[in-house]
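Undergrad: Take this structure first; my questions come after.
The values are calculated or read from the model by the stated rules, or taken from the named source; none is laboratory data. Predicted model, so just to flag it, every value in this text is computed and none were measured. Backbone-built Cβ (ideal geometry, glycine too); neighbour counts: all protein chains shown. To get the accessible areas, we keep the full protein, side chains included, count just its heavy atoms, and leave off ligands, DNA and RNA. Shrake-Rupley method; radii C 1.70, N 1.55, O 1.52, S 1.80 Å.
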Amino acid sequence: MSKITTELLLERAVPRSTRLRKIETLNLSKLQLKTGDLDPRLFSRLRHLQKLDLSDNLLDKFPNSLSLPDLRVLNCNNNKLEDVTALKQFPLLEELTYENNVYLTLNDDYKVMFLLQNLRLLNGKDITKLANHVRRVNSRKLTSKVTAHWEKFFRDQLPEKHTAEQVKSIRKKFLKSVQTNVVYGPSSLSEFTRWRVKMIAEEFLAYSLGLELNTDPEPEEKMDESEEESTESPREAAEEVGQVGVFSSYINNVTVTPSKRKRNHSKTGSGNKRSKTQANTEEEEAEDVSAEPLHFLQCHSKGNSREDFKTQLWSCVFEPLLDCGARKDPIVSSSRTVATCGGESVCLIDCETGTVLKKYKVATEEFFSVAWTTLTMVISDCRKKSHNILAAAGRRGIVKLIHVAADFCYGEIKAHKKPIATVCFSPAQETHLFTASYDKRIALWDIGIPDCDYNFKASQLLVLEALSIPLRIALVPTCPDQYLLAGCEGGCFAWNIKLDKEQKSRPFEAIFQFPDEDGGMTTAHRVDGLAFLNDDIVVSKSSKPGCICVWSWSRSFDAKGKGCQRTVSVVVLAELEWSTTDMSYLTLSTCPAKEYVFCGDENGSVWMYNLSSYTTAWSSAKGKRSDKKIPPTQILKWPELRANGEQLSEVLINNVVSDPTFTYLVVLTSVNITAIWKKS
């Protein structure tokens, strides 16, 4: 029996009413209503209803014939809606909210903007300008592409005198082809694009061939996830201002002097002499490294202020593709979407278009680190589906867990009482998260897998005790479930993290000695950069000016032996020539698949080292140390940027990260600018 009766509707009217046809405002929130409870015959009597609140219920969709011809305001927050297309039955709708419906995405926002021509406010934001773009510019572009696809590939396939069977066959082929091959806008909107393309193609066929328009179309064809999306993007999609705790799109523009926006073929300015063979090899490699700046984004501003050039940006990591777990080939395991963090916000950016796809804000937080994992979750009806989860942490010592596709921060872990410097997930166990804190501890957490209601249970598995603040952590690639390395304020340490040991709190197993400026060895130095170049080679940056150290994990750690020795001298393979600055926390990164090392400096430059010609020799059993410092293959100079008419100066590069294929290079700065370069 339906929960909704005439008596209930009269009672829940605002104000209470004696006649259904007199009700203009109706509150049906918090009644545990399901879709079957919305009886079209009963609702058809609400002829003058203008405001309807269905929030905090269990609706998964709308019936197609509710017959509310005068409905202007609809609240569907906190339900389980999976589709929005049935909302087209409310053509006069002006205000719509459906926040915290975890299965709805940005694609659904675009669908309702197209379907509801009078819609002004969506989830509390004025979408008038963006909606006009979606209805006009977007539709015009797609119509042009659909028409061109027909003209190029299908027009000549249909005979002048054609049978109904031939028309049916060509229609089926065309609809499938056009949805696969017509692309437009960022990949995050691919579902909306396919939906609109099919609609436009149906209209085109109806007009051109006199076919009946299919008003109840078949389910969409799924596009191969490996197919590339077009790089065109509506800039209006980046104009919505974010609010605390919710996702939105927002971007401030920074002017780039046109003369500087050309391919950068600059070589290192080093005066070091190199052998002819070495120089020739590096010249050839440099030809493959030519890069050009694509975008300079100011998307982490405090309070969305365009005057904010002080917010520091700290961490970025590329989103994995859903069909490629952490243990798959890195060459094909990452998208062009990158998560960045700094100040009060975390942003998701499409590197090709420069579009800020999503933005998550916590006004009282300063985010220092982000990390991705892919979890297989039960979504509904016991069906399982893989979803990317983003962990973000910072000054408050709290880890936020964000289900990105659902635009939903579903939980938090109060991991430490002091700030968290960095986080990373284990490639061996997708729910295992390491958090390194200013409390001089590194904790291992099992974040669990949330159920369909986002209930989850996190548990602490291990605590690693450090002698100083851990700044960077890295799991040893050959045994990620056994050893963890950390670069700390007071040195470089290794821990045994194997969970079959009973000891929950563990001291470090080894501390590494590095060469110092006086030719001796020291353990007492700040290590603010740490990453593996391959399964064995470690790259680290310390307080020794002017160099980055390349060393062997296995040969260094094996020297520890089976005794109680805790101090180990690293087996240095080479030193990379770098800036002589004493500035700290300018971290480094690696691209293992391409054997590159990246590190920014205090002048806004990015130092890039192609080490592919060295790694084979280093990996041999008798691999010798390179006698001379290896200069950078190339230095990308910071271009001349102007904000509000003034040139940006004193730019520090806090972090530089490439995607696994080294197609994009994301540069995070001390002046609230995210720079994206693309390899030519």
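Undergrad: Could you check N654 against (1) touching a strand residue (DSSP E or B) at 6+ places or on another chain (Cβ under 8 Å); (2) farther than 22 Å from S579 by Cα and say which number it fails?
TA: That leaves (2) as the condition not met.
Undergrad: Can you find a residue that is outside the structural domain of D53 (by the TED database), among the aliphatic types (A, V, I, L, M) and crowded, with 21+ Cβ neighbours inside 10 Å anywhere in segment 140-150?
TA: If we filter segment 140-150 for residues that are outside the structural domain of D53 (by the TED database), which is where we start, we get 140-150.
Add one more test, that the residue is among the aliphatic types (A, V, I, L, M), and what stays is 142, 146, 148.
The next check asks that each one be crowded, with 21+ Cβ neighbours inside 10 Å; those that pass are 142, 146.
Within segment 140-150, one or more residues are outside the structural domain of D53 (by the TED database), among the aliphatic types (A, V, I, L, M) and crowded, with 21+ Cβ neighbours inside 10 Å.
Undergrad: Which ones in segment 527-554 are modelled with pLDDT under 90 and either part of a strand (DSSP E or B) or among the charged types (D, E, K, R) (or both)?
TA: Within segment 527-554, S542, K544, C547 meet the criteria.
Undergrad: Just to be sure, is W618 open to solvent by less than 20 Å² (accessible area, probe 1.4 Å), at pLDDT below 90 and not in a loop (DSSP other than H, G, I, E, B)?
TA: Details: open to solvent by less than 20 Å² (accessible area, probe 1.4 Å): yes; at pLDDT below 90: yes; not in a loop (DSSP other than H, G, I, E, B): yes.
Answer is yes for this residue.
Undergrad: For segment 518-527, check the following and say yes or no: at least one residue is open to solvent by less than 10 Å² (accessible area, probe 1.4 Å), in contact (Cβ under 8 Å) with a residue 24 or more places away in the chain and assigned by the TED database to the domain that holds V597.
TA: Taking every residue of segment 518-527 in turn, at least one turns out to be open to solvent by less than 10 Å² (accessible area, probe 1.4 Å), in contact (Cβ under 8 Å) with a residue 24 or more places away in the chain and assigned by the TED database to the domain that holds V597.
Undergrad: For the condition out of contact with any strand residue (DSSP E or B) (no Cβ under 9 Å at 6 or more places or on another chain), at pLDDT below 90 and of a type in the set (K, R), what is the one hit in K302, K273, K267?
TA: K273
Undergrad: Any idea which of (1) buried (at least 16 other Cβ atoms within 10 Å of the Cβ); (2) over 18 Å from S67 (Cβ atoms); (3) not acidic (D, E) is the one L9 doesn't satisfy?
TA: Among (1) buried (at least 16 other Cβ atoms within 10 Å of the Cβ); (2) over 18 Å from S67 (Cβ atoms); (3) not acidic (D, E), L9 violates only (2).
Undergrad: Please work out if S658 is open to solvent by less than 40 Å² (accessible area, probe 1.4 Å) and under 24 Å from A574 (Cβ atoms).
TA: Yes; evaluated as a whole, the condition is true for this residue.
Undergrad: Also, quick follow-up: Residues that are in a strand (DSSP E or B), open to solvent by less than 60 Å² (accessible area, probe 1.4 Å) and either touching a Cys at 6+ places or on another chain (Cβ under 6 Å) or not assigned by the TED database to the domain that holds T587 (or both): does segment 439-460 have at least one?
TA: No, segment 439-460 has no match at all.
Undergrad: Check off (1) in contact (Cβ under 8 Å) with a residue 12 or more places away in the chain; (2) out of contact with any Lys or Arg (no Cβ under 6 Å at 6 or more places or on another chain); (3) farther than 14 Å from T25 by Cα for D56 and give me the number that stays unchecked.
TA: Of (1) in contact (Cβ under 8 Å) with a residue 12 or more places away in the chain; (2) out of contact with any Lys or Arg (no Cβ under 6 Å at 6 or more places or on another chain); (3) farther than 14 Å from T25 by Cα, only one is false for D56: (2).
Undergrad: Kindly provide the set of residues from segment 155-196 that are touching a His at 6+ places or on another chain (Cβ under 9 Å) and either among the β-branched types (V, I, T) or more than 30 Å from D407 (Cβ to Cβ) (or both), ordered by number. Steps first, answer last, please.
TA: So the first thing to find is which residues in segment 155-196 are touching a His at 6+ places or on another chain (Cβ under 9 Å), and the list is 170, 174, 177-178, 181-182.
Selection gives I170, F174, S177, V178, V182.
Undergrad: Taking the criterion of being of a type in the set (V, I, T), modelled with pLDDT of 90 or more and within 30 Å of L54 (Cβ to Cβ), would at least one residue in segment 91-114 satisfy it?
TA: Checked against the condition, which is being of a type in the set (V, I, T), modelled with pLDDT of 90 or more and within 30 Å of L54 (Cβ to Cβ), segment 91-114 yields at least one hit.
Undergrad: Name every residue in segment 402-414 that is buried (at least 21 other Cβ atoms within 10 Å of the Cβ) and within 15 Å of A371 (Cα to Cα), in order of residue number.
TA: Across segment 402-414, the qualifying residues are I402, V404, I413.
Undergrad: Which members of segment 45-54 meet the condition of being more than 42 Å from the chain's Cα centre (by Cα) and open to solvent by less than 40 Å² (accessible area, probe 1.4 Å)?
TA: Let us first name the residues in segment 45-54 that are more than 42 Å from the chain's Cα centre (by Cα), namely 45-48.
Across segment 45-54, the qualifying residue is only L46.
Undergrad: Oh, and also: Residues to consider are A494, A486; find the one that is closer than 16 Å to V527 by Cβ, assigned by the TED database to the domain that holds K541 and in contact with a helix residue (DSSP H, G or I) (Cβ under 7 Å, 6 or more places away or on another chain).
TA: A494
Undergrad: Sticking with this one: I'm told L175 meets every condition in (1) surrounded by fewer than 18 Cβ atoms within 10 Å (Cβ to Cβ); (2) farther than 30 Å from K359 by Cβ except one. Can you identify the failing condition by its number?
TA: If we test L175 against (1) surrounded by fewer than 18 Cβ atoms within 10 Å (Cβ to Cβ); (2) farther than 30 Å from K359 by Cβ, just (1) comes out false.
Undergrad: A further question follows. Which condition number in (1) touching an Asp or Glu at 6+ places or on another chain (Cβ under 6 Å); (2) buried (at least 16 other Cβ atoms within 10 Å of the Cβ); (3) of a type outside the set (K, R) is the one that S612 fails?
TA: Looking at each condition in turn, S612 falls short on (2).
Undergrad: Name the residue that is farthest from L93 (Cα to Cα), counting only residues in segment 4-32 that are more than 48 Å from the chain's Cα centre (by Cα) and charged (D, E, K, R).
TA: Here the answer is E7.
Undergrad: May I ask you to list the residues in segment 59-77 that are free of Cβ contacts under 8 Å to residues at least 24 places away in the same chain and crowded, with 20+ Cβ neighbours inside 10 Å?
TA: If the condition is that a residue be free of Cβ contacts under 8 Å to residues at least 24 places away in the same chain and crowded, with 20+ Cβ neighbours inside 10 Å, then L71, L74 are the ones that fit.
Undergrad: Still on this structure, I have one more. Just a yes or no: is a residue in segment 665-679 hydroxyl-bearing (S, T, Y) and either open to solvent by 20 Å² or more (accessible area, probe 1.4 Å) or not assigned by the TED database to the domain that holds D308 (or both)?
TA: No, because not a single residue in segment 665-679 is hydroxyl-bearing (S, T, Y) and either open to solvent by 20 Å² or more (accessible area, probe 1.4 Å) or not assigned by the TED database to the domain that holds D308 (or both).
Undergrad: What are the pairs, 6+ residues apart or on separate chains, where a residue within segment 623-642 that is crowded, with 19+ Cβ neighbours inside 10 Å has its Cβ under 7 Å from a residue that is among the acidic types (D, E)?
TA: These pairs meet every condition: I630/E577; P631/E577; P632/E577; T633/E282; T633/E285.
Undergrad: Against the definition (polar (S, T, N, Q), over 27 Å from T337 (Cβ atoms) and assigned by the TED database to the domain that holds R306), how does S584 come out, yes or no?
TA: yes
Residue by residue, here is whether (1) of a type outside the set (K, R); (2) over 26 Å from D601 (Cβ atoms); (3) touching a helix residue (DSSP H, G or I) at 6+ places or on another chain (Cβ under 6 Å) holds:
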position: Q503; (1), (2), (3): yes, yes, no
position: A510; (1), (2), (3): yes, yes, no
position: F514; (1), (2), (3): yes, no, no
position: G519; (1), (2), (3): yes, no, no
position: R526; (1), (2), (3): no, no, no
position: D535; (1), (2), (3): yes, yes, no
position: F557; (1), (2), (3): yes, yes, no
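Undergrad: Okay, moving on. Would you call R41 modelled with pLDDT under 90, assigned to a helix (DSSP H, G or I) and open to solvent by 20 Å² or more (accessible area, probe 1.4 Å)?
TA: Working: modelled with pLDDT under 90: yes; assigned to a helix (DSSP H, G or I): yes; open to solvent by 20 Å² or more (accessible area, probe 1.4 Å): yes.
Against the criterion (modelled with pLDDT under 90, assigned to a helix (DSSP H, G or I) and open to solvent by 20 Å² or more (accessible area, probe 1.4 Å)), R41 qualifies.
Undergrad: Moving to a separate point now. Would you point out the residue of segment 533-553, among those that are over 22 Å from T567 (Cβ atoms) and within 27 Å of the chain's Cα centre (by Cα), that is surrounded by the fewest Cβ atoms within 10 Å (Cβ to Cβ)?
TA: D535
Undergrad: Only one of these is open to solvent by 20 Å² or more (accessible area, probe 1.4 Å), of a type in the set (S, T, N, Q) and without any contact (Cβ under 8 Å) to a residue 12 or more places away in the chain: N100, N123, N132, N118. Name it.
TA: N132
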